[in-house]
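Just below is one structure, and these are the notes that go with it.
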Amino acid sequence: MKIVITDSATVSGGDLSFEFLEQFGQVTAYDLTAPEQLAQRIADADILLCNKTPVNRQTIGEAKKLKYIGLFATGFNNIDLDLAKERNIPVCNVPGYSTDAVAQLTFAFILELANRVCDYNALVANGDWIKSRTFSFFPIPLFELAGKTLGIIGYGSIGQQVAKIADAFNMNVLYFNRSAKSGVGRQVSLDQLLAESDIVTLHCPLNKESEKLINAHTIAKMKQGAILINTARGAVVDEQALADALNSGRLGGAG
């Protein structure tokens, strides 16, 4: 059995070994694989393991022996699932491995926008605090999270962990999910979440329904000066609409 890893450099910086896979077959690992290289590299592969390699009709070629596609990630929008189904190739991701890390990153963004630590550090390093007429040096407004409303779009394992952290900060939690869920906070409609949230954070997968979910129309439904956090896929947000909203002051910040 031939196993091909197409982008090992996105998973390991030399600190991980793939030798354990050799018990299942011959392993070939490439640091990175350009789309135009994929068909040739997996032409006789039985198993394809990847992280961000785009697998679709244009890149995969014939690959007549391919029996399995495994991802080193939770998100699988880089895989053409219709093509995999057509060829009877199972596709498996790794759910849950990054829950704590992404929840932590979400609050790193939120806390930076609330406390502006980087901006204040730069001001202090520049000598502005020393020059201040008062000890209370607050040229940039700050805000506390307690009492603010956090709206979570996508209430899977990451969204639920974010809700727990928000609860520890004494925040009010709203969440929107396509199916009924229970946990910290209240499940509401997307429109209600957008209208009532001081901070909106995205934790949904990227698919046809969620692509550009945050756009000029949905941003217009958000509170004036609200903050948007996206630790999901970039394409969930219409970048031009977000830039316009930031430049106009419609949104108060983004992470």
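Is it the case, given these coordinates, that ASN247 is of a type in the set (S, T, N, Q) and within 17 Å of THR106 (Cα to Cα)?
Values: of a type in the set (S, T, N, Q): yes; within 17 Å of THR106 (Cα to Cα): no.
Taking the combined requirement at face value, the residue does not satisfy it.
Quick one: is ASP167 open to solvent by 70 Å² or more (accessible area, probe 1.4 Å) and within 26 Å of ARG250 (Cβ to Cβ)?
Details: open to solvent by 70 Å² or more (accessible area, probe 1.4 Å): yes; within 26 Å of ARG250 (Cβ to Cβ): no.
Spelling it out, it is not the case that ASP167 is open to solvent by 70 Å² or more (accessible area, probe 1.4 Å) and within 26 Å of ARG250 (Cβ to Cβ).
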Problem set entry | Pair list, Cβ < 9 Å and 6+ apart or interchain, from the stretch 114-140 residues that are modelled with pLDDT of 90 or more to residues that are small (Gly, Ala, Ser) | ASP128/ALA122; PRO139/SER132
Exercise. Filter the stretch 190-248 for residues that are among the basic types (Lys, Arg) and more than 14 Å from LEU150 (Cβ to Cβ); which is modelled with the lowest pLDDT?
Worked result: LYS208
Exercise. Of (1) in contact with a Phe, Trp or Tyr (Cβ under 9 Å, 6 or more places away or on another chain); (2) closer than 24 Å to PHE72 by Cα, PRO139 satisfies all except one. Which?
Worked result: (2)
For this session: Taking the options LYS208, LYS221, LYS148, LYS212, name whichever one is open to solvent by 40 Å² or more (accessible area, probe 1.4 Å) and on the phi > 0 side of the Ramachandran plot.
Result: LYS212
Seminar exercise, completed: GLU86 meets each of (1) buried (at least 19 other Cβ atoms within 10 Å of the Cβ); (2) modelled with pLDDT under 95 with one exception, condition (1)
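If the requirement is being surrounded by 15 or more Cβ atoms within 10 Å (Cβ to Cβ) and touching a Gly at 6+ places or on another chain (Cβ under 6 Å), which of these qualifies: LEU71, LEU38, LEU49, LEU21? First the steps, then the outcome.
Details: LEU71 fails: touching a Gly at 6+ places or on another chain (Cβ under 6 Å); LEU38 fails: touching a Gly at 6+ places or on another chain (Cβ under 6 Å); LEU21 fails: touching a Gly at 6+ places or on another chain (Cβ under 6 Å).
Only one candidate qualifies: LEU49.
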Seminar exercise, completed: Within the stretch 52-68, restricting to residues that are open to solvent by less than 30 Å² (accessible area, probe 1.4 Å) and outside any loop (DSSP other than H, G, I, E, B), the one that is modelled with the lowest pLDDT is ILE60
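Take GLY151 and tell me if it is under 19 Å from GLU196 (Cα atoms) and in contact with an Asp or Glu (Cβ under 8 Å, 6 or more places away or on another chain). Outline the logic, then answer.
Numbers: under 19 Å from GLU196 (Cα atoms): yes; in contact with an Asp or Glu (Cβ under 8 Å, 6 or more places away or on another chain): yes.
So GLY151 passes the test.
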Problem set entry | Where ALA243 falls short, out of the listed (1) open to solvent by less than 40 Å² (accessible area, probe 1.4 Å); (2) closer than 26 Å to GLY156 by Cα | (2)
For this session: For the stretch 224-240, enumerate the residues that are touching a residue at least 40 places away in the same chain (Cβ under 8 Å) and buried (at least 19 other Cβ atoms within 10 Å of the Cβ).
Result: ILE227, ILE229, THR231, ALA232
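The values are calculated or read from the model by the stated rules, or taken from the named source; none is laboratory data. Everything numeric in this text was worked out from a predicted model, so none of it was measured. Here Cβ is always computed from backbone atoms with ideal geometry, including for glycine, and neighbour counts include all displayed protein chains. To get the accessible areas, we keep the full protein, side chains included, count just its heavy atoms, and leave off ligands, DNA and RNA. Shrake-Rupley method; radii C 1.70, N 1.55, O 1.52, S 1.80 Å.
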